[in-house]
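Only the coordinates and a few stated rules stand behind these numbers; no lab work does. Here the structure is a predicted model, which is why all the values come from computation and not from measurement. Using ideal geometry, Cβ is built from the backbone for each residue, glycine included, and neighbour counts are taken over all protein chains shown.
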Amino acid sequence: MREISEHILDIAQNSVVADASEITLSVLADTAKDLLTVTILDNGKGMDAAMVESVLSPFTTSRTTRKVGLGIPMFRETALTANGSFDITSAPGKGTGVTATMEISNIDRPPLGALADTMHILITSNPDIDFIIRMACDAREEVLDTREVRTVLGSVALNNPEVSAWIREALTEMNDKVFGGENI
């Protein structure tokens, strides 16, 4: 995958398939520490310890349509190649957490990519799932929580065209406020 946003989309889609009702996506940059941290947390089905160990292999997947699962191994390799780390934790019935760290300045770290577009697609394609989106770079931080949006909207769906346009604009503004002008 050429961009971090593509890794986020792939891992978050695993959360959707795992029947998560809430997914937290965090992209945090600390330029003083030269560290980018990407975390995807869900409250889905979760996995036992043996499955957690095996998902790091590209030859493990729970899908019946194909015999390989490349998302987690590729994200892990991306993090490690960029002099970072990768961690996955999970428990049956409790959900799964994936965290990848990378050196911001590392030549092998992919660009962030279209974060706002990726998160917009996830939210509007899965309007019944709550998403907490957190973007931070040094002292700048922005959060979009669809639970708060739902409180204001009442019964209007998140994939309603007008709401979808607002969500896209809000996420784009978040991205620009947090990461605009930074070499991330």
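Quick notes on this structure:
- Footprinting exposure proxy for R134, R2 (fewest neighbouring C-beta atoms within 10 Å first): R2, R134
- Point-to-point label distance, I107-Q13, nm (Cα→Cβ direction, 7 Å offset): 3.2 nm
- Normalised by the number of residues in segment 4-179, the average gap of Cα pairs under 8 Å and 6 or more apart makes the relative contact order 25 percent.
- For the chain, the spherically averaged projection of the C-alpha convex hull amounts to 10.7 nm².
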